[in-house]
Amino acid sequence: MSSPPALELRGLSKTYGDNKLTALSDVTLSIRPGEIFALLGPNGAGKTTLIGSVCGLVKKTSGKVLVFGHDLDEDPVRPRYQIGLVPQEVNFDPFFTVAESLYIQQGYYGQPRDEARVKEVLAALNLSHKADAITRALSGGMKRRLLIAKALVHKPKLVFLDEPTAGVDVELRRDLWNYVRRLAAEGTTIVLTTHYLEEAEELADRVGVINEGKLLLVEDKRTLLRRLGEKNLIVTFT
Ligand code: ATP
């Protein structure tokens, strides 16, 4: 029997508030285990809402979300232990050290304190020398690395990266791309959102284009690039 998709969305919709702003409209999508999938779209397209609906930060209006075949309506907690999220915004307590914030994250995912794993993740993200630093004293780039470490310390099988390279320097962007490739090579499924076609081109196996809450197309990367070239369609969203 073939394994279920890492992520399956069936008719996922979200409207916000009384003015019924439709942030997601009937999104259906299936992502294979081990795939790198890029969701490309401009500001306000619905990318963060889609991620939030899967990760439990946004309450969907309708539709289904399945993580490795588990329907989140039936069990909203355990399937999410397999998910890691790198959010756009820095969201850690500024008074803990880097290492402490990773131990807290392990606890949050129901795991025992695992010093070897924390050391491994810190080393992978070039953060070992900052293990005892207070997080608020980190530079912006180091904070970004810590966000990624936090998302990965519990060894998730499905990782969401929400605009991971927005506003980062060239070195961090390169490190991050290499790290994403390494994770995927180890079998982790990656879903990343981006405004940059270049980033989707570098990393993704398939690309979905989203605008105004609608998933407009999903293509193998090469097919998408060919179609964009032929039709002289949009190239970057800024
Ligand atoms: P960006 O690239 O700017 O991060 P995005 O593609 O991630 O954009 P979302 O943040 O998902 O887009 O927003 C989709 C739409 O939903 C936008 O019109 C946004 O203003 C609206 N929206 C998002 N969060 C809320 C909220 N909490 N309340 C009301 N409207 C919201």
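The values are calculated or read from the model by the stated rules, or taken from the named source; none is laboratory data. This is a predicted model, so every value here is computed, not measured. Here the Cβ positions follow ideal geometry from the backbone for every residue, glycine too, while neighbour counts run over all protein chains shown.
I'd like to verify a number: residues in the range 60-78 that are away from the ligand (no atom under 16 Å from the Cβ) and buried (at least 20 other Cβ atoms within 10 Å of the Cβ), how many?
2
Just the residues that are farther than 22 Å from residue 163 by Cβ and either within 13 Å of the ligand (Cβ to nearest atom) or acidic (Asp, Glu) (or both), please, taken from the range 79-97.
Passing the criteria: only 93.
For the range 1-32, which positions are touching a residue at least 12 places away in the same chain (Cβ under 8 Å), exposed (fewer than 15 other Cβ atoms within 10 Å of the Cβ) and not in a strand (DSSP E or B)?
3, the sole residue that qualifies.
Which residues, taken from the range 199-214, are within 20 Å of residue 167 (Cα to Cα) and within 16 Å of the ligand (Cβ to nearest atom)?
199, 200 - these are the residues of the range 199-214 that are within 20 Å of residue 167 (Cα to Cα) and within 16 Å of the ligand (Cβ to nearest atom).
Can you tell me how many residues in the range 33-59 are in contact with an Asp or Glu (Cβ under 8 Å, 6 or more places away or on another chain) and away from the ligand (no atom under 11 Å from the Cβ)?
Number satisfying all stated conditions: 4.
So, in the range 1-24, of the ones that are of a type in the set (S, T, N, Q) and within 11 Å of the ligand (Cβ to nearest atom), which residue ends up nearest to residue 56 (Cα to Cα)?
Of all residues in the range 1-24, those of a type in the set (S, T, N, Q) come to 2-3, 13, 15, 19, 22.
Filter once more, so that each one left must be within 11 Å of the ligand (Cβ to nearest atom): 15, 19, 22.
Values: 15: 15, 19: 22, 22: 18 Å.
Looking at the filtered set, the residue picked out is 15.
Give all pairs with beta carbons closer than 7 Å in which a residue from the range 40-54 that is under 16 Å from residue 80 (Cα atoms) meets a residue that is more than 6 Å from the ligand (Cβ to nearest atom) and of a type in the set (S, T, N, Q); count only pairs at least 6 apart in sequence or on separate chains.
Note: pairs meeting the criteria are 51/193.
Would it be correct to say that residue 90 is modelled with pLDDT under 95, among the aliphatic types (A, V, I, L, M), touching a strand residue (DSSP E or B) at 6+ places or on another chain (Cβ under 6 Å) and surrounded by 14 or more Cβ atoms within 10 Å (Cβ to Cβ)?
Numbers: modelled with pLDDT under 95: yes; among the aliphatic types (A, V, I, L, M): yes; touching a strand residue (DSSP E or B) at 6+ places or on another chain (Cβ under 6 Å): no; surrounded by 14 or more Cβ atoms within 10 Å (Cβ to Cβ): yes.
No, not satisfied.
Would the range 18-36 turn up any residue that is among the acidic types (Asp, Glu) and closer than 23 Å to residue 153 by Cα? Break it down into steps so the answer makes sense when it comes.
Taking the range 18-36 and keeping what is among the acidic types (Asp, Glu), we get 18, 26, 35.
In the following step, the residues that additionally are closer than 23 Å to residue 153 by Cα were identified as 35.
Yes, the range 18-36 has at least one match.
Pick from the range 46-65 the residues that are touching a Gly at 6+ places or on another chain (Cβ under 7 Å) and part of a loop (DSSP other than H, G, I, E, B): which of them is nearest to residue 161 (Cα to Cα)?
Restricting to residues being touching a Gly at 6+ places or on another chain (Cβ under 7 Å) and part of a loop (DSSP other than H, G, I, E, B), the top hit is 46.
Just wondering, is there one or more residues in the range 128-142 that are touching a strand residue (DSSP E or B) at 6+ places or on another chain (Cβ under 9 Å), more than 16 Å from the ligand (Cβ to nearest atom) and closer than 30 Å to residue 4 by Cβ? Reasoning before the result, please.
The initial filter retains those residues of the range 128-142 that are touching a strand residue (DSSP E or B) at 6+ places or on another chain (Cβ under 9 Å), namely 130-135.
Filter once more, so that each one left must be more than 16 Å from the ligand (Cβ to nearest atom): 130-135.
Those still in the list that are closer than 30 Å to residue 4 by Cβ too: none.
No, because not a single residue in the range 128-142 is touching a strand residue (DSSP E or B) at 6+ places or on another chain (Cβ under 9 Å), more than 16 Å from the ligand (Cβ to nearest atom) and closer than 30 Å to residue 4 by Cβ.
Within the range 128-238, which helices (runs of 4 or more DSSP H) (wholly inside it) include 2 or more residues that are touching a Pro at 6+ places or on another chain (Cβ under 9 Å), of a type in the set (A, V, I, L, M) and at pLDDT 90 or above? Please lay out each step first, then the result.
Working: elements: 140-152, 170-185, 197-203, 221-231.
Because the criterion is at least 2 residues that are touching a Pro at 6+ places or on another chain (Cβ under 9 Å), of a type in the set (A, V, I, L, M) and at pLDDT 90 or above, the helices (runs of 4 or more DSSP H) in the range 128-238 that meet it are 140-152.
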